[in-house]
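Worksheet for the structure shown next.
Readers should treat all values here as calculations from the given coordinates under stated rules, not as data from a laboratory. Please read these numbers as outputs of a predicted model, since none were measured by experiment. Using ideal geometry, Cβ is built from the backbone for each residue, glycine included, and neighbour counts are taken over all protein chains shown.
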Amino acid sequence: MTKKRKTEEELAEELVCSECGETNIQVKVWVNANNHKEPKGATEGDIADNWCEDCQEHTEHVTRKEYEELQTTNDYEPNISDG
Ligand SMILES: [Zn+2]
């Protein structure tokens with residue numbers, strides 16, 4: 001087993017691009033207009049405030065865990081069993 005810098009739990013909570021799964025993402029953050037400091041927190045929920053450097057477009061940001069779930073979901077055919 002190799003030692004990782006981040007625990008699996010931390011990685012799962014890390015935000016990634018919902019399109020490419022990379023962490024090279026940015027989000028708009030409100031700061032004090034006078035000194036551009038004192039961040040008031042990132043805007044949330046608006047895809048227009050999200051940016052992925054890799055996709056070069058506005059994408060949804062999800063946790064790595066959610067991303068992996070998305071991939072799993074996409075891989076599966078709709079499970080319509082007539083059994
Ligand atoms: Zn991306």
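Around Thr23, with a cut-off of 9 angstrom between Cβ atoms, what is the net charge of the other residues, counting Lys and Arg +1 and Asp and Glu -1?
Details: positive: Arg64; negative: Glu14, Glu22.
Here the charged neighbours net out to -1.
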Residue separation times 0.36 nm, minus the C-alpha to C-alpha distance between Gln56 and Lys6: what's the value? 15.3 nm
Cut-off is 10 Å between beta-carbons; in what order do His58, His36 appear when sorted fewest neighbours first? His36, His58
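For the range 32-70, which trypsin sites (Lys or Arg not before Pro) pass both filters: DSSP loop (anything but H, G, I, E, B) and at most 11 other C-beta atoms within 10 Å?
On the way: sites: Lys37, Lys40, Arg64, Lys65; in loops: Lys37, Lys40.
Counting only loop positions with at most 11 other Cβ atoms within 10 Å, the trypsin sites (Lys or Arg not before Pro) in the range 32-70 are Lys37, Lys40.
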Consider a paramagnetic label point 7 Å from the Cα of Glu13 along Cα→Cβ; state which residues of the range 37-69 have an amide N under 17 Å from it. 42, 62-67
